[in-house]
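Here, each number is a calculation from the coordinates, and none is a lab measurement. The shown structure was predicted, so the numbers you read here are calculated from the model rather than taken from an experiment. Cβ sites come from the backbone with ideal geometry, for glycine too, and all protein chains shown count toward neighbours.
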Amino acid sequence: MAVQRNYFSILFFIKKTKLLKTGEAPIGLRITVNGKRAEIQIKRGIESEKWNAQRECAIGKERKYQEINYYLETIRTRIFQLHRELEQDGKPITADILKELYYGKGENPKMLLEVFREHNQKYRELMGKDFVKGTVLRYERTVRYLEEYMEQKFNRSDIPLKNVNYEFVRGFEHFIKMEKACAQNATVKYLKNFKKIIREAQVKKLISDDPFREIHFHQTQTNRDFLLEEELDIIIKKVIDIPRLQVVRDIFIFCCMSGLAFTDIQHLTPEHIIKNSNGEYWIRKPREKTNNMCNIPMLDIPRMIMEKYKNNPECIRKKVILPVPSNQRMNCYLKEIADICGIKKTLTTHLARHTFACVALANKVSMESIAKMLGHTDLRTTKIYAKVLDRTISEEMQVLKHKFSL
């Protein structure tokens with residue numbers, strides 16, 4: 001007896017005659033089995049001129065179109081998988097059965113990366129308003145790592161949300177540490193991103209169980225480096241003849257004496273410099289990372305640096321205080337400056353922020369004041385930066401030393 005063969009195809013198309021409110025054409029999916037069709041609306045739209053009907057995909061290298069194409073491929077993979085499972089089980093296959101299985105009896109089965117990408121798209125749209133670029137990129141990197149993990153472990157590009165369990169999370173944690181060589185604290189950040197998506201899925205009733213219920217995050221204490229006042233003084237007084245290094249040295253010193261992070265110094269504008277009734281200059285700027293306000297009195301040296309670049313063509317064009325290069329170039333040039341100055345520590349803009357906190361603490365500035373200048377709302381965050389210098393301990397012990405001297 002001949003085995004009946006199912007002629008099966010999938011077609012993505014757009015409906016140009018029924019545009020969405022946004023003016024985009026809705027994307028549809030047509031499943032055909034033995035000549036009979038079933039259609040699915042995939043809740044995505046695209047400009048008609050950005051659709052390639054022959055290739056059944058979006059045109060363009062922009063992230064939006066790449067995301068659409070990836071979503072289409074996820075759907076294609078899922079339906080092919082359902083078709084294969086029906087074949088293996090010897091069950092009847094029709095276009096309507098595949099449509100019903102895909103929708104889960106009328107309810108669209110949510111896939112992990114599908115939900116994650118929807119979240120990331122919203123974050124990217126709000127980038128610069130509610131979220132900084134670094135946060136958005138970290139969430140997108142988490143998706144990339146999850147995809148690679150599933151390809152390696154399960155030979156799949158996505159899985160249903162309901163299939164995410166304790167073992168899956170622990171396996172992903174192991175993958176990040178071993179395959180991506182991430183340290184404990186970096187691993188925890190990716191897991192927290194993952195956990196946020198799961199929490200949102202629970203709130204939306206997409207899943208009931210919490211795969212993170214028995215998982216507790218433990219971050220290791222980091223030993224953050226900083227410059228001593230003597231080392232900072234060497235960099236300030238060093239004669240540097242190379243113009244590009246002079247600029248980077250000035251920016252680095254400005255960071256060391258203001259506590260501003262790289263992205264904050266990069267976006268520092270004249271509007272952020274305030275002169276009060278006493279004639280004192282202050283930096284009042286919301287942090288790019290958290291939007292918390294920084295209130296920093298300007299010391300003489302950063303004020304002189306600001307004046308130095310007042311007529312710089314790049315500063316005028318960008319309407320900023322300093323001509324800050326890219327972070328990569330900045331850190332590269334700082335390595336040269338460290339060599340020139342005989343500093344053995346790795347100079348970075350983040351080390352400059354640490355230096356500001358530590359030097360301020362060593363000079364009897366209160367933890368509360370440092371927190372306000374750094375834009376911290378939680379004092380525990382400030383304590384990470386604040387190190388008690390050996391010299392400070394020595395000075396404070398002088399009282400006991402004289403009292404108990406022989």
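Suppose the chain between TYR103 and CYS341 were pulled fully straight at 0.36 nm per residue; how much longer would it get relative to their current alpha carbon spacing?
Values: separation 238, 0.36 × 238 = 85.68 nm, distance 6.52 nm.
So the chain would gain 79.2 nm between TYR103 and CYS341.
Between region 300-334 and region 94-163, what is the separation of their alpha carbon centroids in Å?
Comparing the Cα centres of region 300-334 and region 94-163, I get a distance of 41 Å.
About its Cα centre, what dipole magnitude does region 127-220 give when the only charges are +1 on Lys and Arg Cβ and -1 on Asp and Glu Cβ, stated in debye to the nearest 20?
Working: 19 positive and 13 negative charges, 68 e Å.
The dipole of region 127-220 has a size of about 320 debye.
Can you tell me which of 181-188, 319-326 comes out highest on packing, and rank the rest after it, using the mean Cβ neighbours within 10 Å?
So the peptides 181-188, 319-326, ranked by packing, come out 319-326, 181-188.
Starting from region 212-244, pick out the GluC sites (Glu not before Pro) whose DSSP state is loop and whose Cβ has at most 12 other Cβ atoms within 10 Å.
Hits after loop and neighbour filter: GLU214.
Using the C-alpha gyration tensor of region 127-220, what are the square roots of 5 times its eigenvalues, in whole angstrom, with the largest one first?
Result for region 127-220: semi-axes of 19, 18, 15 Å.
Among 331-340, 146-155, what's the highest-first ranking by average C-beta atoms within 10 angstrom per residue?
Highest-to-lowest ranking by the protection proxy: 331-340, 146-155.
Could you pull out the pairs from LYS15/LYS64; LYS196/LYS318; LYS129/LYS196; LYS237/LYS372; LYS50/LYS122; LYS15/LYS36 whose alpha carbons sit more than 25 Å apart here?
LYS196/LYS318; LYS237/LYS372
GLN202 versus LEU299, label points 7 Å from Cα toward the beta carbon: distance in nm?
Placing both labels 7 Å beyond Cα along the Cβ direction yields 4.7 nm.
Over the chain, calculate the relative contact order: mean separation of alpha carbon pairs under 8 Å at least 6 apart, over the residue count, as a percent.
Contact order relative to length: 10 percent.
In a Debye calculation with equal point scatterers on the alpha-carbon sites of the chain and no solvent, what is log10 I(q)/I(0) at q = 0.06, 0.07, 0.11, 0.12 Å⁻¹?
Once normalised to I(0) and log-transformed, intensities are -0.39, -0.52, -0.97, -1.07.
What FRET efficiency, computed as 1/(1 + (r/R0)^6) with R0 = 51 Å and r the Cβ-Cβ distance, is obtained for ASN52 and SER277, rounded to the nearest 0.05?
0.20
What does the C-alpha gyration tensor say about the overall shape of region 229-396? Classify as rounded when a/c is under 1.5, otherwise prolate if a/b is larger than b/c, or oblate.
oblate
With r defined as the distance between the Cβ atoms of GLN152 and LYS318 and R0 fixed at 45 Å, what FRET efficiency is calculated, to the nearest 0.05?
My answer for the efficiency is 0.55.
Under 17 Å Cα to Cα from LYS285, which aspartates and glutamates show up? Leave out anything in the same chain fewer than 8 places away.
Within reach: ASP130, ASP264, GLU271.
Which distance in nm do the two modelled labels at ASN292 and LYS36 give, with both placed 7 Å along the Cα-to-Cβ direction?
Reported label-point gap for ASN292 and LYS36 is 6.3 nm.
Which helices of the chain meet both criteria: a Cα extent of 18 Å or more along the helical axis and a mean Kyte-Doolittle score no lower than 0.5, with helices taken as whole DSSP H segments?
What comes out of the filter, once short or polar helices are dropped, is 243-256, 349-362.
Calculate the FRET efficiency for ARG329 and ASN163 from the Cβ-Cβ distance with a Förster distance of 35 Å, rounded to the nearest 0.05.
My answer for the efficiency is 0.20.
Simple spin-label model, 7 Å along Cα-to-Cβ: GLN66 to LYS91 in nm?
Modelled inter-label distance: 3.7 nm.
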